[in-house]
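FYI, it's all coordinate maths here, none of it is from the lab. None of these values were measured; they are calculated from a predicted model. Methodologically, a virtual Cβ is constructed for each residue, glycine included, from the backbone with ideal geometry; neighbour enumeration extends over all protein chains shown.
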Amino acid sequence: MAENPKWLGALLVSAVVVAISAWLMPFELFTQLQRQAALESGANAPELPDAALRWLRIAIPIFGALSVLLGTCLVALLYTVLFQFILGDEGTYRQYLAVLAHASFITASIGLLLTPLRIQTGDLQLTLSIANFLVFLPEGYVLNVFRVIGLTQIWSMLIVAQGVHAIDPRRTFKSAATILFVILVARALVFGRFLPT
C-alpha cells in the first residue's frame, strides 16, 4: 500500500458490507430506537406514514454506506495532518486513505457478523468492547469509557499503525501504535461522558 496506494475498491467493499448489515436489521428496531429517544427527551413519538417508512428502509443502508465513505476520507485527512504535517512523516493523503480503507473492512465485517446477535438482543449499539470483559465494574463513566473502546477498533488501529510504519519506515510500528492508542483513549474519554449510565 505504501508503493501502490489503491483505496477505492477496499473502501467500496467496506461501504457495501455496512449497507448490507443495516439492510438486514429489522426496521422495527430503528423505529423503536427513534420512539425511545423521543420519549426520553419528553416529546411524543410521532407515527410516521407508510411512505416515509419505506423511504427510511432504503435510506438507512445508504446513509450507513455514505458514513463509511465520508468518515474514512475525513479520518485519512486528519491522519495526514497529524503524521505528515505535524510529525514530519513522508506519507501522502492517498497512502493514509489506502491504509484506512483496508482497515475499515475489519470493522465492517465484524459488524456484519454481529448482526444476528444485534437482532436477537434488539440492541443496535451492540459491539465487542473491553467492557464485555469487565463485568465486575459498576455502571458509570469508567465502564462507559471501556464501552467506547471496541475490540475491532483496537484491531483496526494496529493495522493502521503497521500501515503508517510501512509508509515511512522511520516511524516505528510501536510509536505509531502508541500515537493511535492515545487518540483512541482520548476519544473514549470524551464520548464516555455522553453514554447513558
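Would you kindly state how much longer the chain becomes between Thr178 and Val142 on full extension, computed as 0.36 nm times their sequence separation minus their alpha carbon distance, in nm to one decimal?
10.8 nm
For Ser129, enumerate residues with amide H under 5 Å from its amide H, sequence gap 5+ or separate chain, H modeled in the peptide plane.
Under 5 Å from the amide H of Ser129 lie the amide H atoms of Leu151, each far enough along the sequence or on another chain.
Please give me, ordered by residue number, the chymotrypsin sites (Phe, Trp or Tyr not before Pro) of the stretch 88-161 that lie in loop per DSSP and have at most 10 other Cβ atoms within 10 Å.
Passing sites in the stretch 88-161 are Phe136.
Would you please classify the overall shape of the stretch 97-178 from the alpha carbon gyration tensor, given that a ≥ b ≥ c denote the square roots of the eigenvalues, rounded means a/c under 1.5, and beyond that prolate means a/b larger than b/c while oblate covers the rest?
Oblate.
Run the numbers on the stretch 8-191 and let me know its relative contact order in percent, using alpha-carbon pairs under 8 Å that are six or more apart.
Here the relative contact order equals 24 percent.
Relative to the present Cα-Cα distance, how much length would full extension add between Trp23 and Arg187 at 0.36 nm per residue of separation?
Between Trp23 and Arg187, full extension yields 56.2 nm more.
Mind ordering 162-170, 179-187, 62-70 by average Cβ neighbours within 10 Å, highest first?
162-170, 62-70, 179-187
Once you have the Cα-Cα distance between Leu87 and Gln36, take 0.36 nm times their residue separation minus that, and quote the gain in nm to one decimal.
13.9 nm
Enumerate the calculated ³J(HN,Hα) couplings along the stretch 158-164 in order (Karplus 6.51 cos²θ - 1.76 cosθ + 1.60, θ = phi - 60°), each rounded to whole Hz, writing x wherever the residue is Gly or Pro.
5, 5, 5, 4, 5, x, 4
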